[in-house]
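The values are calculated or read from the model by the stated rules, or taken from the named source; none is laboratory data. These numbers were taken from a predicted model, which means no experiment stands behind them. Neighbour counts run over all protein chains shown; Cβ positions are idealised from the backbone, glycine included.
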Amino acid sequence: MTLHFRSDGILHVNVITEQEVTADQVKETVDFTKNILKGERAPHLITTEKPYVIPNNEAREYLASRHREEISCADAYILKSLAQKIIAKFYIRINKPRIPTNFFTDNDSAINWLKTFI
């Protein structure tokens with residue numbers, strides 16, 4: 001994963017993998033982000049390089065937990081495939097993220113939505 005703190009205050013997390021995203025990867029990214037933000041929270045734009053990359057069940061549970069609440073005030077995911085859209089519905093209904101979470105098919109719409117949390 002790569003992290004880029006944009007000038008508008010949005011943290012862009014780009015997932016670069018061809019495998020399922022694991023809870024360990026998410027935990028590592030959250031810990032790293034805590035060090036960058038130093039107690040602050042920022043809206044997150046989450047993108048993937050590959051359309052079939054999805055988080056596994058444990059990763060989704062961690063993403064929806066209080067740990068993410070410590071670093072993010074809102075999450076916008078860019079979806080590129082039907083598989084990602086199906087997992088997104090499960091994530092909202094089953095995992096029930098603790099922070100505002102929305103799904104988009106384009107960056108501009110996601111960024112406009114995230115700016116309402118800055």
Any residue in region 20-27 that is surrounded by fewer than 21 Cβ atoms within 10 Å (Cβ to Cβ), at pLDDT below 95 and among the basic types (Lys, Arg)?
no
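On the given criteria, is THR17 surrounded by 13 or more Cβ atoms within 10 Å (Cβ to Cβ) and either of a type in the set (S, T, N, Q) or in contact with a Leu (Cβ under 6 Å, 6 or more places away or on another chain) (or both)?
When the stated conditions are applied, THR17 passes them.
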Got at least one residue in region 63-84 being surrounded by fewer than 18 Cβ atoms within 10 Å (Cβ to Cβ) and among the hydroxyl-bearing types (Ser, Thr, Tyr)?
yes
Filter region 36-62 for residues that are within 13 Å of HIS12 (Cβ to Cβ) and of a type in the set (S, T, N, Q); which is surrounded by the fewest Cβ atoms within 10 Å (Cβ to Cβ)?
THR47
In region 47-63, what residues are closer than 20 Å to ALA110 by Cα and aromatic (Phe, Trp, Tyr)?
TYR52
Number of the condition not met by PRO51 [criteria: (1) within 16 Å of MET1 (Cα to Cα); (2) in a loop (DSSP other than H, G, I, E, B); (3) in contact (Cβ under 8 Å) with a residue 40 or more places away in the chain; (4) not basic (Lys, Arg)]
(3)
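Quick check on my filter: what residues within region 86-118 are touching a strand residue (DSSP E or B) at 6+ places or on another chain (Cβ under 8 Å), within 16 Å of ALA59 (Cα to Cα) and not β-branched (Val, Ile, Thr)? Spell out the reasoning first.
First pass over region 86-118, keeping only residues touching a strand residue (DSSP E or B) at 6+ places or on another chain (Cβ under 8 Å): 87-88, 91-92, 97, 99-107, 110-111, 113-114.
From the residues that got through so far, the ones that are within 16 Å of ALA59 (Cα to Cα) too are 87-88, 91-92, 97, 99, 101.
Within region 86-118, ALA88, TYR91, PRO97 qualify.
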Give the residues of region 7-20 that are out of contact with any Lys or Arg (no Cβ under 9 Å at 6 or more places or on another chain) and assigned to a strand (DSSP E or B), sorted by residue number.
LEU11, VAL13, ASN14
Of residues in region 76-99 being outside any helix (DSSP H, G or I) and either within 11 Å of the chain's Cα centre (by Cα) or hydrophobic (A, V, I, L, M, F, W, C) (or both), the one nearest to ALA64 (Cα to Cα):
PRO97
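So which of VAL26, VAL30 is touching a Lys or Arg at 6+ places or on another chain (Cβ under 7 Å) and farther than 21 Å from ASP106 by Cα? Quick ask: steps written out before the conclusion?
On the way: VAL26 fails: touching a Lys or Arg at 6+ places or on another chain (Cβ under 7 Å).
Answer to the check: VAL30.
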Can you find a residue that is of a type in the set (A, V, I, L, M), assigned to a helix (DSSP H, G or I) and under 16 Å from MET1 (Cα atoms) anywhere in region 103-113?
no
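Matching residues to (1) without any contact (Cβ under 8 Å) to a residue 12 or more places away in the chain; (2) of a type in the set (Asp, Glu); (3) under 18 Å from THR2 (Cα atoms):
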site	(1), (2), (3)
LYS27	no, no, yes
HIS44	no, no, yes
THR47	no, no, yes
GLU61	no, yes, no
LEU82	yes, no, no
LYS89	yes, no, no
